[in-house]
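Colleague: Okay, here's the structure, questions in a sec.
The values are calculated or read from the model by the stated rules, or taken from the named source; none is laboratory data. Since this is a predicted model, take the numbers as computed values, not measurements. Note that each Cβ is placed from the backbone with ideal geometry, even for glycine, and that neighbours are counted across all protein chains shown. The protein model used for the area step is the full one, side chains on, heavy atoms only, and it has no ligands, DNA or RNA in it. Shrake-Rupley method; radii C 1.70, N 1.55, O 1.52, S 1.80 Å.
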Amino acid sequence: GNSVTQMEGPVTLSEEAFLTINCTYTATGYPSLFWYVQYPGEGLQLLLKATKADDKGSNKGFEATYRKETTSFHLEKGSVQVSDSAVYFCARQNNNDMRFGAGTRLTVKP
Amino acid sequence: NAGVTQTPKFRILKIGQSMTLQCTQDMNHNYMYWYRQDPGMGLKLIYYSVGAGITDKGEVPNGYNVSRSTTEDFPLRLELAAPSQTSVYFCASSVGQPNTEAFFGQGTRLTVV
């Protein structure tokens, strides 16, 4: 089937810690991959994306690399801040079909 | 820029009641989507539309209906509300070309009691 599996949360880190949130996908063809972020009480916002194998998406210190061989798109940040506390969603898009992972809640403590 | 606007933000329904969740976008996007978000389950696609007059079912369409009479508006209708429809509903839109992002509204929190 076509789905997205991401690391279950919640994740709690101290400020300046390293972050990894794992994401793997299944899809036919060559999907585009996205990370969205949801701050409390808001809708989802695009964080970064990659549209073909080996592309690296980056934004606000976050990075993710499209790995076709492992069907993965793990999210990383070298030094998290309190303001990064949010829920992070991995998503893949095939034509009209955008599927999301279950979301990972990140809490960063000062 | 208004982007994607959803109304209402919150609603409590009794079992068997009906209601319409409104969604409008001002970006002239062809594609529009309705998702529901349940705790620990991510977002599930209910219905989507690739243009005015065209709608298609997503993963979880049962109990819902949609219409797309204009490019801007994509209302979601619940005819006979059930407790299983308690959720947060998000409307989204996109240009529709491959590899483009979706823009989301702020959500509607619906409780069916």
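Colleague: Restrict the check to segment B:98-106 and report whether at least one residue is of a type in the set (V, I, T), part of a loop (DSSP other than H, G, I, E, B) and without any contact (Cβ under 8 Å) to a residue 24 or more places away in the chain. Give the steps one after another, and end with the answer.
Modeller: Just the residues of segment B:98-106 that are of a type in the set (V, I, T), to begin with: B:100.
With the extra rule that they be part of a loop (DSSP other than H, G, I, E, B), the set shrinks to B:100.
After this cut, where a residue has to be without any contact (Cβ under 8 Å) to a residue 24 or more places away in the chain as well, the list is B:100.
Yes, there is a match, as at least one residue in segment B:98-106 is of a type in the set (V, I, T), part of a loop (DSSP other than H, G, I, E, B) and without any contact (Cβ under 8 Å) to a residue 24 or more places away in the chain.
Colleague: Using the structure shown, decide if A:P10 is surrounded by 13 or more Cβ atoms within 10 Å (Cβ to Cβ) and either within 24 Å of B:F90 (Cβ to Cβ) or among the small types (G, A, S) (or both).
Modeller: no
Colleague: In segment A:75-109, which residues are at pLDDT 95 or above, open to solvent by 60 Å² or more (accessible area, probe 1.4 Å) and in a loop (DSSP other than H, G, I, E, B)?
Modeller: A:Q81 - this is the single residue of segment A:75-109 that is at pLDDT 95 or above, open to solvent by 60 Å² or more (accessible area, probe 1.4 Å) and in a loop (DSSP other than H, G, I, E, B).
Colleague: Okay, next question. Looking only at segment A:1-23, count how many residues are within 11 Å of chain B (Cβ to nearest Cβ) and assigned to a strand (DSSP E or B).
Modeller: 4
Colleague: Take the conditions over 14 Å from the mean Cα position of the chain (by Cα), open to solvent by less than 70 Å² (accessible area, probe 1.4 Å) and more than 14 Å from chain B (Cβ to nearest Cβ) and apply them to A:T26. Does it pass?
Modeller: yes
Colleague: Of the numbered conditions (1) within 13 Å of the chain's Cα centre (by Cα); (2) within 30 Å of A:G9 (Cβ to Cβ), B:F74 fails exactly one; give the number of that condition.
Modeller: (2)
Colleague: At the interface with chain A (Cβ under 10 Å from one of its Cβ atoms) and touching a residue at least 24 places away in the same chain (Cβ under 8 Å), is that true of B:F90?
Modeller: It is true that B:F90 is at the interface with chain A (Cβ under 10 Å from one of its Cβ atoms) and touching a residue at least 24 places away in the same chain (Cβ under 8 Å).
Colleague: Oh, and also: Being touching a residue at least 24 places away in the same chain (Cβ under 8 Å) and out of contact with any Ser or Thr (no Cβ under 6 Å at 6 or more places or on another chain) narrows it down to one residue among B:L21, B:L76, B:L45; which is it?
Modeller: One residue alone meets the criteria, B:L76.
Colleague: Go through the residues of segment B:56-75 one by one and say whether even a single one is in contact with a helix residue (DSSP H, G or I) (Cβ under 9 Å, 6 or more places away or on another chain) and not aliphatic (A, V, I, L, M).
Modeller: Looking through segment B:56-75, at least one residue is in contact with a helix residue (DSSP H, G or I) (Cβ under 9 Å, 6 or more places away or on another chain) and not aliphatic (A, V, I, L, M).
Colleague: Among the residues of segment B:11-47, how many are closer than 14 Å to B:L78 by Cα, in a strand (DSSP E or B) and open to solvent by 10 Å² or more (accessible area, probe 1.4 Å)?
Modeller: Here the count works out to 6.
Colleague: Name the single residue that is modelled with the lowest pLDDT among those in segment A:60-73 being surrounded by fewer than 19 Cβ atoms within 10 Å (Cβ to Cβ) and touching a Lys or Arg at 6+ places or on another chain (Cβ under 9 Å).
Modeller: Looking at the filtered set, the residue picked out is A:K68.
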